[in-house]
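First comes the structure, then the notes that go with it.
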Amino acid sequence: MAAYFDPGALADHFAAHYASATFGHSLTIHTDCLAWMETAPAASVHAIVTDPPYGVKEYELAQLEKRSNGNGGVWRIPPAFDGNERSPLPRFTALSDEERLRVQRFFEEWGRLALRILRPGGHLFIASNAFLSQLVFGALAESGLEFRGETIRLVRTLRGGDRPKNAEQEFPDVCSMPRGCYEPWGLFRKPLPSGMTVAECLRTHQTGGLRRRADGRPFEDVIQSERTPQREREIAEHPSLKPQSFLRTIVYAALPLGRGVILDPFMGSGSTIAAAEAIGYQAIGIERHAEYFAMSRQAIPRLAELAIQEDQLELISI
Ligand SMILES: C[S@@+](CC[C@H](N)C(=O)[O-])C[C@H]1O[C@@H](n2cnc3c(N)ncnc32)[C@H](O)[C@@H]1O
């Protein structure tokens, strides 16, 4: 695939005065994405694929400190399961009304910036969870992005399914909420210019549609997935690391013509950037936490070079 910019030009165009690094076709920048998206060239990226801080506050420095001290905060330390120690999970049900309003305002503001930076017809894939998707997707639609449905990542999350707390014996046949078996990803699009067809948008902006699978079948909105494999978690110890198998599938679909630039404004350890690199796409990742930015520098090339699984070959071709 012909790159949209060579990596040096990408840095000149997008990194401004921020600390940055390049990998293959791609660029990573150490800064706050809100500040960056406000000033980066408008209508410059073809798609956004991202996994934001769902509850906004779980990635605040104070909460990250509580997580590493084992103190909890918004990070729930789950009981061991089947003899395995489980990693802390953000406790989204613990958000107050005021915090939910804060999440809503954050995504309304962030959505306006996503509209600014996307080309017309550019798609956004955004990770969420069953508790907050209604709030987050509503806020993004409010900001002017066009809601195009959801992509369901089928994965057993280990969330929910418990008997009522402190009354497990009394109500053995009850679970207080369903055991989580999916992760909803919102699918949005920057509206096409008035009167423009998808075909015209593809010709003019290389956006507007989604790329078909390598076997010619359409991209499907339910994807059989997996928990992030151990070999990937050994490369990047980020608490929200997503699996390459899933990310490569949606990153592939996000560029309908297989060319352009993908942005991940909340890149964490850089798993989206690695997925783009593995496919041969060009990507820009933004991360504001110094430790995760440093982690991405070693993780991106190692995640990108992981071999593709057999069953992924029909979904994406490299
Ligand atoms: C849910 S995690 C994404 C992890 C990623 N999926 C991975 O596989 O590594 C969200 C990331 O966004 C970062 N973040 C939070 N607010 C940010 C902001 N305003 N600008 C840039 N990064 C931010 C957090 O530090 C965190 O690493």
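Where a number appears in this text, it was derived from the coordinates with a stated rule and is not lab data. On a predicted model such as this, the values are computed, not experimentally measured, just so you know. Heads up, the Cβs are rebuilt from the backbone with ideal geometry, glycines too, and the neighbour counts pull from every protein chain shown.
Checking the a/c ratio against 1.5 first, then a/b against b/c, what shape does the Cα gyration tensor give for the stretch 253-297? The shape class here is prolate.
Considering every alpha-carbon pair of the stretch 120-243, the percent of pairs per 10 Å bin, from zero through the bin containing the longest distance, is 11, 28, 30, 20, 7, 3, 0. Ranked by the mean number of other Cβ atoms within 10 Å per residue, highest first, peptides 104-110, 257-263 order as 257-263, 104-110.
Within the stretch 159-318, all pairs of alpha-carbon atoms sorted by distance into 10 Å bins from zero give the percentages 9, 31, 30, 18, 9, 3, 0. The order of the peptides 202-213, 42-53 by mean Cβ neighbours within 10 Å, most packed first, is 42-53, 202-213.
Calculated translational diffusion coefficient of the stretch 101-146 (4 °C, 1.567 mPa s; Stokes-Einstein with Kirkwood radius over alpha-carbon pairs) equals 121 µm²/s. Summary of packing: across the peptides 148-159, 182-193, the per-residue average of other C-beta atoms within 10 Å ranks them, highest first, as 182-193, 148-159. Ordering Ala167, Gly149, Leu135 by Cα displacement along the dipole of the stretch 124-168 toward the positive end leaves Ala167 in first place; charges were set at the Cβ atoms of Lys, Arg (+1) and Asp, Glu (-1). Going by a ≥ b ≥ c, the root eigenvalues of the Cα gyration tensor, does the stretch 194-276 fall in the rounded group (a/c under 1.5), the prolate group (a/b larger than b/c) or the oblate group? The shape class here is prolate.
Each of Gln206, Phe266, Gln230 was scored by the projection of its Cα onto the charge dipole of the stretch 202-278, and the greatest displacement toward the positive side belongs to Gln206; charges sit on the C-beta of Lys, Arg, Asp and Glu. From the largest down, the stretch 155-200 spans 63, 18, 13 angstrom on the principal axes of its Cα atoms.
Rounded to the nearest 20 debye, the dipole magnitude of the stretch 258-314 is 300 debye, with +1 charges on Lys and Arg beta carbons, -1 on Asp and Glu beta carbons, and the Cα centre as origin. Counting other Cβ atoms within 10 Å as a rough exposure proxy, the listed residues Met196, Met295 run Met196, Met295 from fewest neighbours to most.
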